[in-house]
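What follows is one structure encoded as structure tokens, with my remarks underneath.
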Amino acid sequence: MSVEPTLIRHNKGESVLLLQQLLNSKGASPQLVEDSLFGPLTEAALNAFKEEHKLTIPGVCGPVTWGVLSLDASMWY
């Protein structure tokens, strides 16, 4: 995976689309509309993911979050 920028609410673009795709692949509920817009539902899904993985700073997708999102689930078993 390439190095992705730090994202916050109201960002938009390809990196947000990737974030939404990764959150959906990790079980975001409800599934996010992959529209490249970092809105309240994307933020809620991100915060739920971060809480589940004990990551800090709600609402921000930075380098650590990108790293955890990109891990293959098989690595956890």
Inset, instruction - Find which of LEU32, VAL68, VAL16 sits farthest along the positive direction of the dipole of the chain, computed with +1 on the beta-carbon of Lys and Arg, -1 on that of Asp and Glu, about the Cα centre. - result: VAL68
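Let me know the shape class of the chain, please: from the alpha-carbon gyration tensor, a ≥ b ≥ c as square roots of the eigenvalues, rounded when a/c is under 1.5, otherwise prolate if a/b is greater than b/c, or oblate. All intermediate terms of the calculation are to be shown ahead of the outcome.
On the way: a/c = 1.37, a/b = 1.30, b/c = 1.06.
Here the chain falls in the rounded category.
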Legend entry - Nearest-20 debye value, the chain charge dipole, Cβ charges on Lys, Arg, Asp, Glu: 160
Legend entry - Value at 222 nm in deg cm²/dmol, rounded to 500, when DSSP H runs of n ≥ 4 in the chain each add -39,500 (n - 2.57): -13000 deg cm²/dmol
Inset, instruction - Among THR56, THR65, THR6, THR42, rank each residue by its count of other Cβ atoms within 10 Å, from fewest to most, as a rough exposure measure. - result: THR56, THR6, THR65, THR42
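No value in this document is a laboratory result; all are computed from the given coordinates. Since the model is a prediction, treat every value here as computed from it, not as a measurement. All Cβ positions, glycine included, derive from the backbone under ideal geometry; neighbour counts span all protein chains shown.
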